[in-house]
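These notes concern the structure reproduced below.
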């Protein structure tokens, strides 16, 4: 399997989902703005969104895929039939556990909302009751998206990466439809309709994955749960992997709760909108790489191909740096015109746009580390080590909490994003140094040569963007065609300058780029 081709497939669909997400967020800003209504919905959406990141993009996949692949690839077994039997055992335990968790969370929605929001800052009893109602509406999404992760993990193991990567598109399409068809003059009504759309989208995503599995010859039956050794091993791997893979999400929950409880209404929305822009390159690069690297490295290690596993991880890091460094510089330097073009109209004021750009700059400092976590953790999970990442994730959460407490008052809405970036950087350093110490990852000569040159190219691009944004700022507040035309000019200029800089600095030659992106088929089996 060609790593660049697989990443292009997953990353392309994830990019489509993220672009639709930006359309959704633009409409959200227009019809709801930055207010208590927007904060209340985003708090209600934070918990299911975290579970999506932890299970659909993290813990369950990290634990399930290596075990499933081992079953399918066992030369003494029955291949896919053994894998399906294991998947049915996992479903038999997962479904009732998720159902029970959903019921418990519905019953205790009030304290859960209190934990996530600190009862907001100065909210009335009626306002908080409204926020609790939104949480109850969105809670079923947790169960639905966790089941999606099971079926998605099966399809990823069968190298049907595109099916699972396309599922989040249904979430954005559903929320966009709700905004366009059911928006109201009262932002509270629009926020409630958005909460309903979240759970509806979960049902649609689950239906899509079940249909895709059946189309690929996979049909799971719901059996009586049995805690056999394999299921126990799966559960043993899931929970620590949840914290290890979801350190960024857990840090965001902490940041959001502190912002809701200590800062003015609207601050949660500034942080959320900034995070959404920050998530665009993270979704395109980080999640795509993590999705492709884990099964690829697992298969190499299962076949005793340590050198090939090391090569795969080096090229994964190379791809990550190639795409992440320019995105980081662009979001830090040109956050103001980007936020203005996407969000700065309707109920979203110029001050809201400015505060969003400030939060975006703070978040984006940590963008390389957010993505490198996705590149490094498969090196642990493929070796069935979930304890080390969770230990480091716990340490990084402590760093995040301390950073929040120190920075949130003096820096306001910039404090929590900056603390999250610092904590993720600490987590990345610990993961990298441990893999290096164990001999599981050594940067090869090619990576060592290219990394500093890529940074130099990204900084050169940043200088050009800094000069260009002043000329384009008057246009990002115009009509839709004008503002997106200005944004397209800014992005295109950055891409051209970065591409030339990578060649001039020697980071990549033309032949290197052709070799990296060539769609030649390599099998890992």
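Readers should treat all values here as calculations from the given coordinates under stated rules, not as data from a laboratory. Please read all numbers here as calculations on a predicted model, not as lab measurements. Here the Cβ positions follow ideal geometry from the backbone for every residue, glycine too, while neighbour counts run over all protein chains shown.
Some points to look at:
- Potential extension, residue 196-residue 433 segment - 0.36 nm per residue separation minus Cα distance: 80.9 nm
- In terms of surrounding Cβ atoms within a 10 Å radius of their Cβ, 265, 413 rank from fewest to most as 265, 413.
- Protection proxy ranking for 28-35, 41-48, using the average of other Cβ atoms within 10 Å per residue and placing the highest first: 41-48, 28-35.
- Sorted fewest first by neighbouring Cβ atoms within 10 angstrom, 25, 82 come out as 82, 25.
- FRET efficiency, residue 387 to residue 443 (Cβ-Cβ, R0 30 Å, nearest 0.05): 0.75
- Contact order relative to length of segment 3-517, as percent, for alpha carbon pairs under 8 angstrom and 6 or more apart: 21
- Neighbour counts of other Cβ atoms within 10 Å put 374, 119, 232 in the fewest-to-most order 232, 119, 374.
- Shape call, segment 3-517: gyration tensor on alpha carbons, a/c limit 1.5: oblate
- FRET E, pair residue 221, residue 30, Förster distance 35 Å, beta-carbon r, rounded to 0.05: 0.15
- Virtual spin-label span in nm between residue 182 and residue 97, 7 Å along Cα→Cβ: 3.2
- Shape call, segment 326-410: gyration tensor on alpha carbons, a/c limit 1.5: prolate
- The distance from the alpha carbon centre of segment 313-329 to that of segment 435-481 is 9 Å, rounded to a whole number.
- Simple label model, 7 Å out from Cα along Cβ direction - residue 411 to residue 496, nm: 3.5
- Note on segment 343-405 and segment 138-191: Cα centroid distance 22 Å, given to the nearest whole angstrom.
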